[in-house]
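To start, the structure under review is shown below, and the notes come after it.
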Amino acid sequence: MAMAWIWTAMITFSVIFGLLSGNIDAVGAAALDGAAAAVALCIAICGATMLWSGIMEIMRQAGLAQKLSRLFRPVLNRLFPQTRENEDAMEALSANVSANLLGLGNAATPLGIRAASEIVKMTKSGTASDDHKTASDDLCMLVVLNSASIQLIPATVAAVRASAGARAPFDILPAVWITSAASLIAGIAVSKILRRFSKRGDGD
């Protein structure tokens with residue numbers, strides 16, 4: 001909703017400025033050129049996106065995603081102490097993290113929704129929290145993990161760079177790994193710190 005207002009304001013401002021400056025024809029031409037460029041960009045990255053989606057699906061079918069899920073389980077048990085007894089939620093969490101790691105965004109989204117639904121059910125039943133209107137600590141952690149997830153192969157960004165003429169679209173990999181890992185660590189640390197402050201406030 002907010003983005004709709006922002007785009008509407010930008011378009012309105014552009015039209016008004018074009019009328020006042022006498023350049024409304026240029027504004028209209030730029031709008032048409034931008035629309036054509038957007039369609040061309042979508043078509044250009046379609047092939048690369050399909051290629052990497054296919055590779056990721058092969059990796060999933062080969063069982064790599066399941067193996068990663070089992071590998072992450074001990075770590076997730078520590079990050080989600082309130083949810084670790086819920087087998088369905090932890091299974092969805094493990095699969096969500098592994099899918100994000102492999103760049104399987106289409107698979108990660110429903111898994112994240114499933115995990116969030118399980119956590120909310122626990123909250124409503126009083127297992128995780130007595131306040132139904134406040135997100136539980138584990139639900140906040142899930143948002144952090146999905147907002148700052150690490151991707152081994154950022155296929156979409158690489159496809160956009162390739163369509164823009166980059167000679168080596170995957171040369172961003174080291175930077176992506178470092179920055180995403182740093183953001184994830186920072187997000188988890190802040191979440192843990194705020195969780196402790198919240199518990200102290202509840203105790204007071």
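The values are calculated or read from the model by the stated rules, or taken from the named source; none is laboratory data. These numbers come from a predicted model, not from an experiment. Heads up, the Cβs are rebuilt from the backbone with ideal geometry, glycines too, and the neighbour counts pull from every protein chain shown. Heavy atoms of the whole protein, side chains included, go into the accessibility calculation; ligands, DNA and RNA do not. Shrake-Rupley method; radii C 1.70, N 1.55, O 1.52, S 1.80 Å.
Taking every protein chain into account, the 1.4 Å probe leaves residue 17 with about 120 Å² of accessible area, to the nearest ten.
Taking label positions 7 Å along the Cα-Cβ direction at both residue 196 and residue 67, the computed distance is 3.7 nm, reported to one decimal. Only protein atoms count toward the accessible area here, which uses a 1.4 Å probe; on the chain, the carbon and sulfur part of that area reaches 67 percent. Taking 7 Å steps out from each Cα toward its Cβ at residue 55 and residue 172 produces label points 1.5 nm apart. All other residues whose Cβ lies under 13 angstrom from that of residue 79 are scored, Lys and Arg at +1 and Asp and Glu at -1, for a net of +3. Taking label positions 7 Å along the Cα-Cβ direction at both residue 30 and residue 4, the computed distance is 2.6 nm, reported to one decimal. Binning at 5 Å from 0, report for the chain what percent of all alpha-carbon pair distances ends up in each bin. Final binned percentages: 1, 7, 11, 13, 14, 12, 11, 10, 8, 6, 4, 2, 1, 0.
Based on DSSP H segments of at least four residues, each scored -39500 (n - 2.57), the chain has a per-residue ellipticity at 222 nm of -27000 deg cm²/dmol.
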